[in-house]
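Student: Just dropping this structure here.
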Amino acid sequence: MALVASIHVNPGWALPDMELQTAAGENVRLPDIMGENGLLVAFTCNHCPYAIAVWPRLIRQSATLRGMGVNTVAVNPNIHPDYPEDSMPAMQEKIAEWGIDFPYLADVSQDVARRFDAQCTPDLYLFDKHGKLYYHGRIDDSWKDEAGVKQQELLPAAEAMAAGRPAPQPQHPTIGCSIKWKD
């Protein structure tokens, strides 16, 4: 698996009005998932060791974000015939196994990942209540071992956003497995 880092994306760009599919095949628009104070869009998957390591934190932190009025959506861009462990039926299994209590959607066409310039799993984008990108960075400073975390990054960014403060700087890129592009 190729290790890559997320790329810099300019803050302030608008949340695209794009559709994704639930693991059951129903269409969902990104703006419809927006919380009162924002939306976290997390590109992730089932098989990448970087994504797997972050999933428990993402699930727990989504509850804290929800308490701030910020919803979470996970987006799987790896709907690819060569990666059956990331298929929509496998997503349904992980939703049940891991207790994912927010939408985990499939980017079947990979158009959403391309529009976001997503590079890896995980790749996190935090939008404010106006649908403007506020934070694009990692969840914390230790992807591999939660016990090694010295600095939280996503939650303080969300707290600053909710308080109307400027976005934290620097915003460190996430690292993870490359997205499994179809072409």
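What follows is calculated from the coordinates using simple rules that are stated; it is not laboratory data. Since the structure is predicted, the reported quantities are computational estimates derived from the model, not experimental observations. When we count neighbours, we look across all protein chains shown, and the Cβ atoms used for this are built from the backbone with ideal geometry, even at glycine.
Student: With point charges of +1 on the Cβ of Lys and Arg and -1 on the Cβ of Asp and Glu, referenced to the Cα centre of the chain, which listed residue (F102, N10, I33) lies farthest in the positive direction of the dipole?
Tutor: N10
Student: Taking R0 as 25 Å, what FRET efficiency do you get between E97 and L155 from their Cβ-Cβ distance, rounded to the nearest 0.05?
Tutor: Efficiency for this residue pair is about 0.55.
Student: Still on this structure, I have one more. Would you please put 86-95, 125-134, 158-167 in order of how densely packed they are, using the mean number of other Cβ atoms within 10 angstrom per residue and starting with the highest?
Tutor: The peptides rank, most packed first, as 125-134, 86-95, 158-167.
Student: Taking the DSSP beta bridges in the chain as the whole, what percent of them are antiparallel, to the nearest 5?
Tutor: 70 percent
Student: Once the dipole of the chain is set up with Lys and Arg at +1 and Asp and Glu at -1 on Cβ about the Cα centre, which of A118, C177, G131 lies farthest towards its positive end?
Tutor: Of A118, C177, G131, it is G131.
Student: Let me understand the chain better: what is its radius of gyration from the alpha carbons, and its Dmax, in angstrom?
Tutor: Final numbers for Rg and Dmax: 14.9, 44 Å.
Student: Let me ask something additional. Under a Cβ-only charge scheme (Lys and Arg +1, Asp and Glu -1), can you give me the dipole magnitude of the chain about the Cα centre, in debye to the nearest 20?
Tutor: Roughly 420 debye, rounded to the nearest 20.
Student: How long are the semi-axes of the equivalent ellipsoid of segment 76-183, defined as square roots of 5 times the Cα gyration tensor eigenvalues? Whole Å, largest first.
Tutor: 26, 17, 14
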